[in-house]
Amino acid sequence: MKKAFGDNLIPDGWSLEKGLDLIKKTGCDGVELWLGAKPWFQMTTTDAGIQELLRKVRDAGLVVSDVCNTLDWDENLSARDPKVQAAAIRHVERQIETARMLDTDAILVVAGLVTEEIPYNEVYARTKEKLQRLGETAAQAKVKIGCENCCSEQHFLISPREFWQFLNDVNHPHVGLHMDVGNIHDTGFPEQWIEINGPRITRVHVKDVLRHRGRCGQESVYTNLFLGNNNWPAIRAALDKAHYDGWIIAEMEAVYKYAPDQQFYDTAAAMDRFINGRM
Amino acid sequence: MRHSRRSFLGAAAVAPLLTGRDWRPFGSKILDLGCVLPESLAGFKQQAGDLPPADTDAAEVLIIPRVGPIAHDGLLTIERCLARGGTVLLESGLGVPIHQAAYFPYVDYMWPIKVKIREFAPVGLEPAPGDQIIGALAGTPVALRRRVGQGTLVTLGSALGPIFLAGDPDARRWLGMLHTS
């Protein structure tokens, strides 16, 4: 397994170079780049800009683990508005293009957002159809689309069996699951998601989650590895069972009030212990 | 008269001495010796479609879904299978229930293939001399293998049958490998 950080965790105000240098110092192998999150990687970034981005990553001694985006929440494939749909398709296509340029073979999308106005069945059908088309584009580029499980936030594909059935219905070898083990709050257990969807996992996001917090126990709160309620030995064993040996990527909220770099070091050390099964 | 696993091992150890005839594989048979876990019996029956069938007295692999103490007739059937060089897969409910302070869900099997399969109502098995530990749950032995003459007795403290109903491909592979080992 190899480990990486998302560049979205690089503190605001830091340069890319400074962030990459920190990631390298923690002993990581790569960086996950988020389209739309930071000034250095936007929809307006040209191909030459992408090449420059790759050069900086390589100069830091890293590689790109995959390409994510922050745009799906405003421009989702499941949107009713044709203009928003087109924008969503465009940014996913750009992720695929840049993945190739950045020498990686996976992207992340948040596919489908159920709202009060756009019901589940409508989202299901539209998202499936769009992913089948984008799967063809991804196949031509030799890239896999990993649909992230953002269960609660999406109100979509809440359980592992739903996700499994959805991927069956999409039925495209270049469309799989970008598994986030921290996103399963009250809707299950990540090790079971891994067991059910194992062969289709493209990448793994790690963070921990504290369930039932807040005065009324109504909130789940993201936190660093080993501080929450995830069963990390079980998750690690499930990845073995699924024969997953790919990227483990820290994707979390900045929770350190002071010394933000310490979150990188602490998380990298925790990822090492997770990968080595020393828990 | 019903027998514990330990008393059964003592009796079974001499059984191979009673026969010396040549043996060849005849397939498998699921034998209900008073199964205490209906899902285990159902799971093995579901899975049996992948296995070559055989009569009880000609089975290469005799599968006994989760049982407690075994009655005398059942014991004789097991002994006959072992005596002709067969394999007996015995799901035993006799053992100490495992309580984990921090739950870990997988049994690590080392034989006949190295796989992780979910636990199901596990009981810890105490290895007797001659037993090989082939599976453990969080460090506690839950699967044992023992050569009995030309035969092999495999005892599982974590039920495998129900896992087939959940569709675990690793469980299917484990059982398939048992038939070829």
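The values are calculated or read from the model by the stated rules, or taken from the named source; none is laboratory data. Only a predicted model underlies this, so the values are computations on that prediction, with no experimental measurement involved. Cβ sites come from the backbone with ideal geometry, for glycine too, and all protein chains shown count toward neighbours. Note: areas computed on protein heavy atoms with side chains; ligands, DNA, RNA excluded. Shrake-Rupley method; radii C 1.70, N 1.55, O 1.52, S 1.80 Å.
Candidates in the stretch B:59-79 are the residues that are in a loop (DSSP other than H, G, I, E, B) and not acidic (Asp, Glu); of these, the one that is surrounded by the fewest Cβ atoms within 10 Å (Cβ to Cβ) is B:GLY68. Which of the residues that make up the stretch A:115-152 are among the hydrophobic types (A, V, I, L, M, F, W, C) and within 19 Å of the chain's Cα centre (by Cα)? Across the stretch A:115-152, the qualifying residues are A:LEU131, A:LEU134, A:ALA138, A:VAL143, A:ILE145, A:CYS147, A:CYS150, A:CYS151. Within the stretch A:195-227, the set of residues being away from chain B (no Cβ under 14 Å) and closer than 17 Å to A:GLN263 by Cβ comprises A:HIS205, A:VAL206, A:LYS207, A:ASP208, A:VAL209, A:LEU210, A:VAL221, A:TYR222, A:THR223, A:ASN224, A:LEU225, A:LEU227. In the stretch B:134-157, the residue that is farthest from B:ALA171 (Cα to Cα) out of those that are polar (S, T, N, Q) and within 11 Å of the chain's Cα centre (by Cα) is B:THR152. Within this structure, A:GLU122 fails the test of being without any contact (Cβ under 8 Å) to a residue 40 or more places away in the chain, among the acidic types (Asp, Glu) and either assigned to a helix (DSSP H, G or I) or under 23 Å from A:THR44 (Cα atoms) (or both). Only one entry in A:GLU116, A:GLU97 is of a type in the set (D, E, K, R), in a loop (DSSP other than H, G, I, E, B) and open to solvent by 20 Å² or more (accessible area, probe 1.4 Å), namely A:GLU116. Step by step: first the residues of the stretch A:225-260, then only those that are out of contact with any Pro (no Cβ under 8 Å at 6 or more places or on another chain), assigned to a helix (DSSP H, G or I) and touching a residue at least 24 places away in the same chain (Cβ under 8 Å), then the one that is farthest from A:CYS28 (Cα to Cα). Which residue is that? Among them, the one singled out is A:LYS241. May I ask you to list the residues in the stretch A:208-227 that are within 20 Å of the chain's Cα centre (by Cα) and closer than 15 Å to A:ARG273 by Cβ? A:ASP208, A:ASN224, A:LEU225, A:PHE226, listed by residue number. State whether one or more residues within the stretch A:182-201 are in contact with an Asp or Glu (Cβ under 8 Å, 6 or more places away or on another chain), open to solvent by 10 Å² or more (accessible area, probe 1.4 Å), at pLDDT 95 or above and not charged (D, E, K, R). No; the residues of the stretch A:182-201 include none that is in contact with an Asp or Glu (Cβ under 8 Å, 6 or more places away or on another chain), open to solvent by 10 Å² or more (accessible area, probe 1.4 Å), at pLDDT 95 or above and not charged (D, E, K, R). Figure legend. Inter-residue proximity from the stretch A:202-216: first residues over 13 Å from A:ASN229 (Cα atoms) and crowded, with 21+ Cβ neighbours inside 10 Å, second residues of a type in the set (Phe, Trp, Tyr) and at pLDDT 90 or above, beta-carbon distance below 6 Å, spacing 6+ or different chains. Indicated pairs: A:ARG203/A:TRP247.
Among the criteria (1) without any contact (Cβ under 8 Å) to a residue 60 or more places away in the chain; (2) open to solvent by less than 20 Å² (accessible area, probe 1.4 Å); (3) touching a strand residue (DSSP E or B) at 6+ places or on another chain (Cβ under 9 Å), the one A:VAL63 does not fulfil is (2). The residues listed here are A:GLN165, A:GLN154, A:GLN140; of these, the one that is within 14 Å of chain B (Cβ to nearest Cβ) and polar (S, T, N, Q) is A:GLN165. Which one is farthest from the other protein chains (Cβ to nearest Cβ) among residues in the stretch B:80-107 that are open to solvent by 50 Å² or more (accessible area, probe 1.4 Å) and in a strand (DSSP E or B)? Result: B:VAL96. With respect to the conditions (1) touching a residue at least 12 places away in the same chain (Cβ under 8 Å); (2) within 24 Å of A:GLN132 (Cβ to Cβ), A:GLU162 lacks only one, and its number is (1). Would a scan of the stretch B:88-107 turn up a residue that is aliphatic (A, V, I, L, M) and more than 27 Å from B:ASP168 (Cβ to Cβ)? No: zero hits. Among the residues of the stretch B:108-157 satisfying the criterion of being within 21 Å of A:HIS243 (Cα to Cα), without any contact (Cβ under 8 Å) to a residue 40 or more places away in the chain and within 14 Å of chain A (Cβ to nearest Cβ), which is most open to solvent (accessible area, probe 1.4 Å)? Only one residue fits best here, namely B:LYS114. Of the residues A:TRP247, A:TRP232, only one is closer than 25 Å to B:ASP108 by Cα, open to solvent by less than 50 Å² (accessible area, probe 1.4 Å) and away from chain B (no Cβ under 13 Å); which? The conditions single out A:TRP247. A residue that is crowded, with 22+ Cβ neighbours inside 10 Å and part of a loop (DSSP other than H, G, I, E, B) can be found somewhere in the stretch A:12-33.
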